[in-house]
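Peer 1: Just passing along the structure, written as structure tokens.
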Amino acid sequence: MRRALLIFIVLLLTGCDHVPSDNPRYALRQKVLFQFEYVNYAWGFQHRGWLINSSGELHCYNLPDNWNFPDSTGTISATDMEQNLQNTDSICYQINPEVLKAKFLLLPLAAKGPLSDPVSEMADAGSAVYAGYILDQSTNRYERILLQQLGDIRIENRSQQAHELYEWLQSVNQEISK
């Protein structure tokens with residue numbers, strides 16, 4: 001019995017060394033994964049940002065027409081998200097697919113993180129939001145997972161995974177700003 005258990009454990013551990021990226025079980029099954037968005041109504045309307053799709057393409061936008069925002073529950077339909085993706089201006093950066101998958105795996109844990117109370121920090125600075133999205137396939141709606149909101153009102157997701165994702169997305173934002 002012990003020998004069988006030992007063989008099982010060894011096989012289990014050696015089988016976990018590498019998960020092939022082309023394995024459909026581990027494929028990203030949603031179109032949009034992450035977003036950075038800046039909106040400001042003071043001194044003229046500003047709305048810009050980017051969406052990262054499941055291929056790692058960063059789709060940038062600036063003053064898009066007919067943009068769909070998440071509703072009061074923090075969700076957006078897959079159809080509206082697809083329309084937003086089509087309303088972007090360009091593909092402005094490419095994320096390594098393996099890095100993207102690793103970061104996306106942190107999102108369900110970040111979704112469980114507690115949010116700080118909103119704190120008023122500025123006036124007329126607008127709102128910069130770093131977020132991830134998880135698609136509920138039963139309702140075909142994306143749930144927005146807030147990682148960090150900055151600007152007039154600051155809200156922080158306090159989970160370690162949200163902090164790691166926020167820092168990564170912030171570095172992506174800095175990279176495309178060069």
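Peer 1: Among the numbered conditions (1) touching a Lys or Arg at 6+ places or on another chain (Cβ under 8 Å); (2) over 22 Å from residue 163 (Cβ atoms), tell me where residue 121 comes up short.
Peer 2: (2)
Peer 1: Being within 25 Å of residue 139 (Cβ to Cβ) and free of Cβ contacts under 8 Å to residues at least 12 places away in the same chain is the filter here, so list the residues in the stretch 31-74 that pass it.
Peer 2: 69, 71, 72, 73
Peer 1: Taking the residues in the stretch 40-73 that are in a loop (DSSP other than H, G, I, E, B) and among the charged types (D, E, K, R) as candidates, determine which candidate is surrounded by the most Cβ atoms within 10 Å (Cβ to Cβ).
Peer 2: Of everything passing the filter in the stretch 40-73, 71 is surrounded by the most Cβ atoms within 10 Å (Cβ to Cβ).
Peer 1: Also, I was wondering about something else. Out of 138, 171, report the one residue that is out of contact with any Lys or Arg (no Cβ under 7 Å at 6 or more places or on another chain), open to solvent by 30 Å² or more (accessible area, probe 1.4 Å) and in a loop (DSSP other than H, G, I, E, B).
Peer 2: Sole residue among the options that is out of contact with any Lys or Arg (no Cβ under 7 Å at 6 or more places or on another chain), open to solvent by 30 Å² or more (accessible area, probe 1.4 Å) and in a loop (DSSP other than H, G, I, E, B): 138.
Peer 1: If you don't mind, there's one more thing I want to ask. Consider residue 166 carefully, then state whether it is touching a helix residue (DSSP H, G or I) at 6+ places or on another chain (Cβ under 8 Å) and either open to solvent by less than 50 Å² (accessible area, probe 1.4 Å) or among the aromatic types (Phe, Trp, Tyr) (or both). It would help to see each step written out before you state the result.
Peer 2: Working: touching a helix residue (DSSP H, G or I) at 6+ places or on another chain (Cβ under 8 Å): no; either open to solvent by less than 50 Å² (accessible area, probe 1.4 Å) or among the aromatic types (Phe, Trp, Tyr) (or both): yes.
Spelling it out, it is not the case that residue 166 is touching a helix residue (DSSP H, G or I) at 6+ places or on another chain (Cβ under 8 Å) and either open to solvent by less than 50 Å² (accessible area, probe 1.4 Å) or among the aromatic types (Phe, Trp, Tyr) (or both).
Peer 1: In addition: Give the residues of the stretch 85-111 that are of a type outside the set (A, V, I, L, M), surrounded by 13 or more Cβ atoms within 10 Å (Cβ to Cβ) and in contact (Cβ under 8 Å) with a residue 40 or more places away in the chain, sorted by residue number.
Peer 2: Listed by number, the residues that qualify are 92, 93, 97, 101, 103, 104.
Peer 1: Return the residues of the stretch 80-118 that are of a type in the set (A, V, I, L, M, F, W, C), closer than 20 Å to residue 164 by Cα and not in a helix (DSSP H, G or I); say none if nothing qualifies.
Peer 2: Matches in the stretch 80-118: 95, 105, 106, 115.
Peer 1: Here's another thing I want to ask about it. Would the stretch 143-162 turn up any residue that is in contact (Cβ under 8 Å) with a residue 60 or more places away in the chain and either in contact with a helix residue (DSSP H, G or I) (Cβ under 7 Å, 6 or more places away or on another chain) or surrounded by fewer than 16 Cβ atoms within 10 Å (Cβ to Cβ) (or both)?
Peer 2: Checked against the condition, which is being in contact (Cβ under 8 Å) with a residue 60 or more places away in the chain and either in contact with a helix residue (DSSP H, G or I) (Cβ under 7 Å, 6 or more places away or on another chain) or surrounded by fewer than 16 Cβ atoms within 10 Å (Cβ to Cβ) (or both), the stretch 143-162 yields no hits at all.
The values are calculated or read from the model by the stated rules, or taken from the named source; none is laboratory data. Keep in mind the model is a prediction, meaning the values are calculated, not measured. Heads up, the Cβs are rebuilt from the backbone with ideal geometry, glycines too, and the neighbour counts pull from every protein chain shown. These accessible areas exclude ligands, DNA and RNA; they are computed on the full protein's heavy atoms, side chains included. Shrake-Rupley method; radii C 1.70, N 1.55, O 1.52, S 1.80 Å.
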